[in-house]
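Colleague: Okay, handing you the structure first.
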Amino acid sequence: MIMEKSDTQERIEIDPVTPTEELPSQNAYKEYQFNEQTNYMPTARIITVFLVCALIDFFTLMDQTTLAASLSIVSSQLGAGSQASWIAGGFFITSTSFQLLYGRLSDIWSRKNILFVGFALFFFGSLASSLATSVAQLIVFRAIVGIGGGGLMTIAQTVISDVVSLRDRGKYQGIFGAFVALANGVGPVIGGALVQHDWRWIFRLNLPLTALAMIGVKDPRHRFHGGLLCIRRFNTDCVYIFKQKVVNGASLTMFINGWGFVTQVYYIPTFYQLVYGYSAVKAGALLLPITLTQTACSTISGLYIHTTGRYREAILTGWITWAIGLGLYSTLDETSGLGKQIGYGVLTGFGVGCTLQP
């Protein structure tokens, strides 16, 4: 005799992150089950969606670093003084603060709608930044850009998780990490070149890139709708994932990775300009050994994880190599040659690339 499924069993199968209910015969048993959320799509469409998301993350992350080699010039022209760090800091504070909110809202009102909210804030914030006439205005406008940019980065990466299976995710995230590294590499160079003419073009550059990404997202052939995940019992069910050691380890790894990488991206060009007297363009170009190596290693380690299913070796190797590279950077002085500067950058980039995979 075929028995019909109970309401509890049906709900458990539908809800992807739900604790197994206490059945009458199993009052003392409770198990959390995590199922894959992938919305399966043809490979060609996955690649198209992936490229649009990579473009979104590319120009958003590039915006973070275009000021790395040119911040001193911009702050000097605006008379920023001790407020100079807030020009970059305003963006990072709001970007970080709003990422969780964007993720939650995209679960409720779809990925595409929230992406367009981010696009609007990023576009008009960049436009306002290019028209700023004082350091206070620039700080406020950059904070608005950060609100939009934080959402764009979060949703773009969430969409990748929506359409790529768990087994293939390491491969795609590795390639995605290459776009991240490339954006962080070309950002300081482009910013250093633009600031030689007019620093306002650093922010105007965001306008056509944002419009291009909006066209890609608006294409009806691309699905960015997401789903209604973890809506009902968010406080009790979704928070449970933070009791998992793997989740906590990955979160800690990415926290240290982001903190360390952004710090070095802003510090190293400034160090080169002050100690060696390099121009903004040359100081930014000397980040390329880090970012180009990071691009290659991120892709290779992602493919390695996809092939073997193992991730610890890549991450641990990355941390060790990164620590050695930064230690060698600390030995640089005014007598150190260009070879050391490039060599230490390659070693550091290898470490950074291998730690991008959690």
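Colleague: Going by C-beta contacts inside 10 Å, put THR65, THR94 in order with the fewest on the left.
Modeller: Lowest to highest Cβ neighbour count: THR94, THR65.
Colleague: Across bins of 10 angstrom width beginning at 0, how are the C-alpha pair distances of region 298-358 distributed, in whole percent?
Modeller: In whole percents, the pair-distance histogram is 25, 42, 23, 10, 1.
Colleague: At 7 Å along the Cα-to-beta-carbon direction for both LYS340 and LYS218, put a label point, then send me their distance in nm to one decimal.
Modeller: The modelled label-to-label distance comes out at 5.4 nm.
Colleague: Arrange the following residues from fewest to most other Cβ atoms within 10 Å of their Cβ: VAL346, VAL265, VAL159. Walk me through the numbers before you get to the answer.
Modeller: On the way: VAL346 16, VAL265 22, VAL159 26.
Going from sparsest to densest Cβ surroundings: VAL346, VAL265, VAL159.
Colleague: Let me ask something additional. Assuming R0 = 41 Å, can you tell me the calculated FRET efficiency for the pair VAL275 and SER97, based on Cβ-Cβ distance, to the nearest 0.05?
Modeller: For R0 = 41 Å, the calculated efficiency reads 0.75.
Colleague: Tell me, in nm to one decimal, what length is gained between ILE324 and LEU252 on full extension, where the rule is 0.36 nm per residue of separation less the Cα-Cα distance?
Modeller: Details: separation 72, 0.36 × 72 = 25.92 nm, distance 1.98 nm.
That works out to 23.9 nm of additional length.
Colleague: Considering only C-alpha atoms, what is the centroid distance from region 99-146 to region 71-97, in Å?
Modeller: Rounded to whole Å, the Cα centres lie 17 Å apart.
Colleague: Once you treat every alpha carbon in region 43-354 as an equal point and sum by Debye, what is log10 I(q)/I(0) at q = 0.09, 0.11 Å⁻¹?
Modeller: -0.46, -0.70
Colleague: Order of TYR276, TYR344 from fewest to most other C-beta atoms within 10 Å?
Modeller: TYR276, TYR344
Colleague: Can I ask one more? Could you tell me the calculated FRET efficiency between LYS282 and SER85, based on Cβ-Cβ distance and R0 = 35 angstrom, to the nearest 0.05? Working shown, then result.
Modeller: Values: r = 23 Å, r/R0 = 0.65.
Rounded to the nearest 0.05, the efficiency is 0.95.
Colleague: Additional query: How much length is gained on full extension from LEU166 to ILE108, taking 0.36 nm per residue of separation minus their Cα-Cα distance?
Modeller: 18.6 nm
Colleague: Starting from the Cα of THR263, step 7 Å along the direction of its Cβ; do the same at ASP198; then give the gap between the two resulting points in nm.
Modeller: The modelled label-to-label distance comes out at 3.8 nm.
Colleague: For ALA296 and THR331, FRET efficiency with R0 = 35 Å and r from the beta-carbon atoms, rounded to 0.05? Write out the running numbers ahead of the final one.
Modeller: On the way: r = 25 Å, r/R0 = 0.72.
So the FRET efficiency works out to roughly 0.90.
Colleague: What nm distance separates the two modelled labels at LYS243 and GLN77, each placed 7 Å from Cα along Cα→Cβ?
Modeller: It works out to 5.5 nm between the two label points.
Bear in mind that the values in this text are calculations on the coordinates, not laboratory data. The model shown is predicted, which means the values in this text are computed figures rather than measured ones. Methodologically, a virtual Cβ is constructed for each residue, glycine included, from the backbone with ideal geometry; neighbour enumeration extends over all protein chains shown.
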